[in-house]
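Have a look at the structure below before the remarks.
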Amino acid sequence: MTLKELIEKIESFIANPSEGLPEEIFLLISRITPLINVDLLIKNEKNETLLTWREDKYYGPGWHVPGGIIRYKEKIEERINKVALIELGAKVEFEAEPLCINEIIVERKERGHFISLLYKCKLLSPPSEKIKYKGFGRPKNGEWMWHKGCPKNLIKVHHIYKKYIDL
């Protein structure tokens, strides 16, 4: 089989790349090119930062700034709005320019290189109470909580945002 035929075979498994990729193909791509993601910095009137609990084989366990990887031909604003809806059950507005752009490189083969865009966001609707961390025991994956400063158990790759969380 030629390389061209192999590529065509792989592409046959992709229905619509704008809606995401099969996990195996996504991980392959993450091994050969940087991924671009948006992260949402959300503060309340008390200057607390909204963080969500993440527990997975790549980054967790720990608190992290909500975010997501931009899909093929997806506009940045679409991904920001989807992240707010999917991770928080909320709607946001955001500043047009990112607060910062960071390159994140970690020592692993998969999901090891990111270009991260941090956007200052404001809630237009409250986050879902169903996924709010109630303060009992260990948080569950995806639960959110307001933080007065940078928590000690912030995931390592998000230490780049410490100065924004501690503002």
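Structure data summary
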read-out	value
Long-range amide H partners of residue 91 with built H, under 5 Å	124, 125
The chain: Cα Rg divided by the 2.2 N^0.38 Å rule of thumb	1.11
Expected 222 nm ellipticity per residue - DSSP helices of 4 or more, -39500 (n - 2.57), all of the chain, to 500	-5000 deg cm²/dmol
Cα-Cα P(r), segment 107-165, percent of pairs per 5 Å interval	4, 12, 18, 22, 23, 14, 6, 1
Rounded to whole Hz, the Karplus (6.51, -1.76, 1.60) HN-Hα couplings of segment 30-42, x for glycine and proline	5, 8, 10, 8, x, 9, 10, 10, 10, 10, 10, 8, 10
Total lysine pairs under 17 Å (Cα atoms) in segment 1-97, excluding pairs fewer than 8 apart on one chain	4
Residue-wise HN-Hα coupling along segment 58-64, computed from phi with Karplus coefficients 6.51, -1.76, 1.60 (Hz; x: Gly, Pro)	8, 9, x, x, x, 7, 8
Under 5 Å, built H, 5+ apart or other chain: amide partners of residue 70	36, 37, 38
Karplus (6.51, -1.76, 1.60) ³J(HN,Hα), θ = phi - 60°, over segment 10-18, in Hz, Gly and Pro reported as x	4, 4, 5, 8, 9, 6, 8, x, 5
Where labels lie 7 Å past Cα in the beta-carbon direction, separation of residue 128 and residue 48 in nm	2.0 nm
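Throughout, read-outs are computed from the coordinates displayed, never taken from laboratory work. Given the structure is predicted, the values throughout are model-derived calculations rather than measurements. Neighbour counts are summed over all protein chains in view; Cβ atoms, including those assigned to glycine, are modelled from backbone coordinates with ideal geometry.
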